[in-house]
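Bear in mind that the values in this text are calculations on the coordinates, not laboratory data. Quantities reported herein were computed from a predicted structural model and do not represent experimental measurements. Cβ placement follows ideal geometry from the backbone for every residue including glycine, while neighbour counts extend to all protein chains displayed.
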Amino acid sequence: MLKIRNVNTYYGAIHAIHDIDVEVNEGEIVSVIGANGAGKSTLMKTIMGIVKPKTGTVEFMGEDITSASTAKIVKNGIVYVPEGRYIFPDLSVADNLMMGAYSQRFSAKELNDLMEEMYEMFPRLRERKKQLGGTLSGGEQQMLAIARGMMSRPKLIMFDEPSLGLAPIIVSEVFDTILKIKEEMQIPIVLVEQNAYKALSISNRCYILENGKVTLSGESAKLINDDNVRKAYLAG
Ligand SMILES: Nc1ncnc2c1ncn2[C@@H]1O[C@H](COP(=O)(O)OP(=O)(O)OP(=O)(O)O)[C@@H](O)[C@H]1O
Ligand SMILES: [Mg+2]
């Protein structure tokens, strides 16, 4: 579904990701783990056309999107829920959700149905639909960011560190939601995480990034038992 081939991305002289090959297939959660600065967000931004790779190709559903605009990539069905959530603090929960749908031409009825679907999935957002985004708790803001991403009916959704800064109980809620998106809505997911254990537990396959390079990849169930992975990422 998503095919990244031999991608190299730079910020000026900084070579942020090297010769990256990554694939995402229908029905999968693919996780990307790695330390701070490993290049995880750069990989997502490259897929989204936010930064352009110097070499290599990004293909989505058979179409080369390497030099497509971010707007076009979103329209094609990839949604990116960035690090730090970036909801609109001065808009209500309902208006934040509406903003998520702007890239698609939905009818009023479709929009209503979508909102209803999101409120079913996130009852807490329904209770708070008139509240300003900026006054939600951290966990609620993360839920809003996820729901807003879902409002465009994406074909693929990418989460950048969705658990960052959240209390353990909320982290579990976020991961449960991600699993639901894959299982009930059949949307494949790319999950960037520093929480390696959670990421490996929830995903089908995983890529490990170190200094901008993929050093290891494979089935998550295997990697979770790999000695080197355990030592480096799972603290024993
Ligand atoms: N806009 C930028 N300009 C210059 N260098 C950048 C820029 N964004 C990222 N970098 C550098 O590229 C490298 C990869 O950064 P990236 O944000 O992709 O890492 P990351 O794996 O997402 O890290 P984290 O876990 O801390 O979010 C880092 O060395 C970073 O300093
Ligand atoms: Mg990052």
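Quick notes
- Here the 3J(HN,Hα) profile of the range 157-172, calculated from phi with Karplus coefficients 6.51, -1.76 and 1.60 at θ = phi - 60°, is 10, 10, 10, 9, 6, x, 9, 4, x, 9, 5, x, 5, 6, 4, 4 Hz, Gly and Pro shown as x.
- Size descriptor, Kirkwood hydrodynamic radius, that averages inverse alpha-carbon separations across the range 84-153, Å: 11.7 Å
- Rounded to whole numbers, the Karplus 3J(HN,Hα) couplings from phi for the range 44-54 are 4, 5, 5, 4, 7, x, 6, 10, 9, x, 7 Hz, using 6.51 cos²θ - 1.76 cosθ + 1.60 with θ = phi - 60°, and x at Gly and Pro.
- Averaging 1/r over every pair of different alpha carbons in the range 1-137 and inverting the result gives a Kirkwood radius of 17.0 Å.
- Cβ crowding within 10 Å ranks 66, 135 as 135, 66, fewest other Cβ atoms first.
- Translational D in µm²/s for the chain (Stokes-Einstein at 10 °C, 1.306 mPa s, Kirkwood Rh from C-alpha pairs): 87 µm²/s
- For the range 204-216, 3J(HN,Hα) per residue [Karplus equation, 6.51 cos²θ - 1.76 cosθ + 1.60, θ = phi - 60°, Hz, x = Gly/Pro]: 7, 9, 9, 10, 9, 9, 9, 6, x, 10, 7, 9, 7
- Cα Rg, Dmax (largest Cα-Cα span) when computed across the range 122-236, Å: 15.6, 50
- If R0 equals 30 Å, the separation of the Cβ atoms of residue 184 and residue 3 corresponds to a calculated FRET efficiency of about 0.70.
- Footprinting exposure proxy ranking of 4, 170, 17, fewest other C-beta atoms within 10 angstrom first, gives 170, 4, 17.
- Averaging over all projection directions, the Cα-based convex hull of the range 1-70 occupies 4.7 nm² in the image plane.
- Helix-only arithmetic for the chain: the sum of -39500 (n - 2.57) across DSSP H runs with n ≥ 4, divided by the residue total, places the mean residue ellipticity at 222 nm at -10500 deg cm²/dmol.
- The amide H of residue 210, built 1.01 Å from its N in the peptide plane, has 215 as neighbours under 5 Å, considering only residues 5 or more places off or on other chains.
- Pairs of Lys in the range 83-236 closer than 24 Å at Cα, counting only those 8 or more apart or on different chains: 17
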